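*Asks:* Have a look at this one before I ask anything.
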Amino acid sequence: MEAFEEFFRRATATSDQPEGYPPHGYQARLARDGLPAVIQAPTGAGKTGVILAWLWRRLHGSDSEATPRRLLFALPQRTLVEQVAGAAERWLENLGLTGQVALHVVMGGAGETQRQWRLDMHRPAIVVGTVDSLVSKALNRGYGIGRATYPIDFALVTNGAHWVIDEIQLCPESTTTLRQLAAFTASFGTAEPFGLTCMSATIPDDLLGTVDNPAPDSGRTVRIEPTERVGDLALRLDGQRTVRRLVAEPADYPRIAAAIRGRHRPATLTLAVLNTVDAARQVFVGVRDQPVPCTLLHSRFRGVERERLISEITAQPGELGHIIVATQVVEAGIDLNATVLFTEAAPWPSVVQRAGRCNRTGKVDNAELWWLPPGKPEPYPDADVEASATELTQLEGQLVTSEDLLRRQVAVTSIQVAVLRRPDLVGLFDTAPDLSGADIDIAPYVRDADDLDVQLAWANWESATDGAPPPAEARAPGAEWRCRVPLGQLTELQKQGIAVWRLDQAVGGWTRVTRDARARPGEVLVLSAHDGRYDQRSGFDPAARTPVPGCPELVSPLDPATGAEDCFRDDSASLDRDWLLLEQHSEDVRAQVTSLLTVLRPDLPPEAAEAAITASYAHDAGKWHPIWQDALCKLAASDRADEIQAMRPWAKSAGTGRLRFAGDVKFRHELASLLLIDGPLHGLLDRLADEDLARYLVLAHHGKLRVQVREPTDADPEILLGLRQREVETVPPLLGQPGGELKIDLDQFALGGTRSWTRTALALRDRYGPFMLAYLETVVRIADWRASAGIEVAR
């Protein structure tokens, strides 16, 4: 077994330091003892190294099986995600683990990173994202992904997952939700271990203690011990900067910019942190037209630009140095070492975090911290800004360390946060949209109600310049092309007449966001690149009128593992490398489920595993239906049409294009699969201890039909998703069963019937708990994806 110190050194090796860096003492303790409930360490103390402590324990620890296989690193600011993910990527590459450990970047990752951590659910994975993006997954309403993917990500971030949430004082809503969630995983039970670690320089007791999860005792908090204050860590902790008030009026941005230019030192980094994007932009205008390289950084950039900007600001300053103008996005997780810092007064925890970016290494001579009051307190409480200004005034001319600032008692407004309760979590298990396409609003559990936004992507499509919506089959660009935009500013775009489009589940296509059909927090929306309102150097800007260059074309993704949004009632495309018979695909998926359960070794009741294996074999039986087979066979090349017709039923085609059903019906093969195993294929269920679980897993295997199965209120009550009540179909021998007649019986899906599918599904949710039931769904669905992609069974 490789010792942790050697592991850490190999991971952190660089061209300048080929032997790598030794771990700090507390980092070695985390590797030895496991991740605790709380880590308290000052800014600059290397808290990101917790990733390596977890990874070593998972790969080399004596109790590796007890260490969750996924680490979720949640950050309060989206601008920090790329830097943490970049460090993790380098570490994995240095350790030779790139192919063994998946790295997924939420709200920034492209293609392969979006799918690998799902497809390889049996392997270790590092998932890095903002708290709102990750916590939304834990609430079964993942921001920025398709509704059908909600249950999969919900399962993966609660079963076999250890959460690390950084700088908890900056994200109280998400921290409270995760503390509650930790209590619920214990009471409901999970199929694999769950863990939660809260990290910060300061640990507010009132934040850790929640109604269902009391604050952990101090013995479960890891702190830096006096004997561990040695070497580079001691130098960092003792780093000082001189506090001075800038002689300028609040909001006098030209004067502030002039001071920044005047105090900047060649070959060093100067950092200016403003409280709002507008203030940062105005200061940036005043410093950019000079030889010294300047970068503007705030939260309103797309992932593609944000990655470039992070690379710019974290690079070693050149001969002229570098000036960075930013908002509070630099407060946590980002590794900057400024010689001179300018900041507007903000709540004291934010001031401490900003100060930690000045003389971060402890090696800067005469580091300077200049401050002044903001023009307006927004987005902070006025009292908090005034309290910080008073404290900073008292520090005039003094040399202070980050720990000095931490020890000062400065009033901060306590905020009321929404508390997730057990019934709330249970209610979120049902992911079906209502008939208007709306959904439960989880925003209060993940972010301040005054800080809500949507994800806006700029794209090209053929008729965009004519004001037409995107094609119905097109899907929004990936996360790297999206920008977070406040709901209020989105409203301003609409007032300017700019068309903003959403994929509407109720109508199965793109509709315009309007005053009556408002955008929802976290929703992915599309804007034509021709309409502008974005600049690659300054980010989202309602005043930018020129078209946005380099935007992607809207396409229709064929791989569900990417999590792309999909119309809820559309049956999925079934493309493969070649035509694949239904019997063969059924056997392939059963083999995948069996192997996944063998490798994962989840804590499941025996009857649950048996039901999952049976469901995996029966899941696509409904593709036998003539409606589905006719649509699939139409994709055959003309020279193979007769051959394909003769050999049906098929599960996959080698053709291209989406399935088009006769009469343009909305047909879902999962519903036909359920009716088949309730009817002529019921022999598949005969030996199961829990038939209803197998039935549920069959119906839920695309994530679209789960707790509810329904049509719009104006639909024909005798028809449900292409199937007509009491219609009779002859079923040939199928999946080892003799076949027979299928008489369509839809009573269990009708309102007020003696039987109720919804009652059956909810009873399963209550019997297994929401986490375990979603986990079983996920195993079956990922096995289906793996078989369809031709991936070898898990080993």
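*Asks:* With r defined as the distance between the Cβ atoms of Val665 and Arg229 and R0 fixed at 51 Å, what FRET efficiency is calculated, to the nearest 0.05?
*Replies:* 0.15
*Asks:* Here's a follow-up. Which whole-number percentage describes the relative contact order of the chain, with Cα contacts under 8 Å and a sequence gap of 6 or more?
*Replies:* Reported relative contact order: 13 percent.
*Asks:* Now for a different question. Work out the charge dipole of the chain with +1 on the Cβ of Lys and Arg and -1 on the Cβ of Asp and Glu about the Cα centre, then indicate which of Val593, Ala355, Leu721 is farthest towards its positive end.
*Replies:* The one lying farthest along the dipole's positive direction is Ala355.
*Asks:* Which residues make up the longest stretch of the chain clear of GluC sites (Glu not before Pro) that lie in a DSSP loop with no more than 14 other Cβ atoms within 10 Å, not counting the sites? Mind dumping the intermediate values first?
*Replies:* Numbers: sites that count: Glu2, Glu19, Glu319, Glu396, Glu462, Glu718, Glu727, Glu792.
That gives 20-318 as the longest site-free run.
*Asks:* What residues from the stretch 1-28 fall in the zone where the backbone N is under 17 Å from a label point 7 Å along the Cα-to-C-beta line of Thr98?
*Replies:* Those under the cut-off are 11-15.
*Asks:* Pop a pseudo-label 7 angstrom from the Cα along the beta-carbon direction at both Asp206 and Ile440 and give the gap in nm to one decimal.
*Replies:* Once both label points are built, they end up 2.8 nm from each other.
*Asks:* Length gain on complete extension for the stretch Leu487 to Glu6, per 0.36 nm per residue less the alpha carbon to alpha carbon distance?
*Replies:* 168.3 nm
*Asks:* OK, next. Does the stretch 677-795 classify as rounded, prolate or oblate by the C-alpha gyration tensor (a ≥ b ≥ c root eigenvalues; a/c under 1.5 gives rounded; else a/b over b/c gives prolate, otherwise oblate)?
*Replies:* oblate
*Asks:* Using +1 at the C-beta of Lys and Arg and -1 at the C-beta of Asp and Glu, which of Gln180, Ala637, Phe429 has the Cα lying farthest in the positive direction of the dipole of the chain?
*Replies:* Gln180
*Asks:* Moving on to the next point. From the C-alpha coordinates alone, can you work out the Kirkwood hydrodynamic radius of the chain, in Å?
*Replies:* Here the Kirkwood hydrodynamic radius works out to 28.0 Å.
*Asks:* In whole Hz and in residue order, list the ³J(HN,Hα) couplings for the stretch 397-410 that follow from phi through the Karplus curve 6.51 cos²θ - 1.76 cosθ + 1.60, θ = phi - 60°; x for Gly and Pro.
*Replies:* Computed from phi, the couplings for the stretch 397-410 are x, 8, 8, 9, 9, 4, 5, 4, 5, 4, 6, 6, 8, 10 Hz.
*Asks:* Just to confirm, what accessible area per residue do you get for the chain at 1.4 Å probe, in whole Å²?
*Replies:* Spelled out: the 1.4 Å probe surface of the chain, per residue, equals 38 Å².
*Asks:* Would you give the gap between the C-alpha center of the stretch 609-661 and the C-alpha center of the stretch 488-543, rounded to a whole Å?
*Replies:* Centre-to-centre distance over Cα atoms comes out at 38 Å.
*Asks:* On to the next question. With all protein chains present, how much of the accessible area of the chain (probe radius 1.4 Å) comes from carbon and sulfur, to the nearest whole percent?
*Replies:* 49 percent
*Asks:* Separate question: Determine the dipole magnitude for the stretch 697-795: charges of +1 sit on the beta-carbon of Lys and Arg, -1 on that of Asp and Glu, nothing else is charged, the reference point is the Cα centre, and the result goes in debye to the nearest 20.
*Replies:* 480 debye
*Asks:* Given R₀ = 22 Å, what would the calculated FRET efficiency be for Asp642 paired with Asp578, taking r from the Cβ atoms and rounding to 0.05?
*Replies:* FRET efficiency, Asp642 to Asp578: 0.85.
*Asks:* Can you give the extra length, in nm with one decimal, that the chain gains between Val426 and Ala544 once fully stretched, where that is 0.36 nm per residue apart less the Cα-Cα distance?
*Replies:* Working it through step by step, the gained length comes to 38.1 nm.
*Asks:* A further question on this structure: In whole Å, how far is the Cα centre of the stretch 353-389 from that of the stretch 135-214?
*Replies:* That distance is 30 Å.
*Asks:* Using the Cα centre of the chain as the reference point, and only Cβ charges (+1 on K/R, -1 on D/E), how large is the resulting charge dipole? Debye, rounded to the nearest 20.
*Replies:* About 1060 debye.
*Asks:* At a Cα cut-off below 19 Å, give the lysines reachable from Lys704, other chains included and same-chain residues fewer than 8 away excluded.
*Replies:* Counting by Cα, and skipping residues close in sequence, Lys704 has these lysines nearby: Lys137, Lys623, Lys666.
*Asks:* To make sure I understand the rule: partners must be lysines, Cα under 30 Å from the Cα of Lys376, and not fewer than 8 residues away in the same chain. Which ones qualify?
*Replies:* Lys495
*Asks:* Calculate the dipole size of the stretch 322-400 relative to its Cα centre from +1 charges on Lys and Arg beta carbons and -1 charges on Asp and Glu beta carbons; express the result in debye to the nearest 20.
*Replies:* On the way: 5 positive and 11 negative charges, 65 e Å.
Once rounded to the nearest 20, the dipole reads 320 debye.
The values are calculated or read from the model by the stated rules, or taken from the named source; none is laboratory data. Keep in mind it's a predicted model, so treat the numbers as computed, not measured. A quick note on method: Cβ atoms are made from the backbone with ideal geometry, for glycine too, and the neighbour counts reach across all protein chains shown. What goes into the accessible areas is simple: the full protein's heavy atoms, side chains included, and nothing from ligands, DNA or RNA. Shrake-Rupley method; radii C 1.70, N 1.55, O 1.52, S 1.80 Å.
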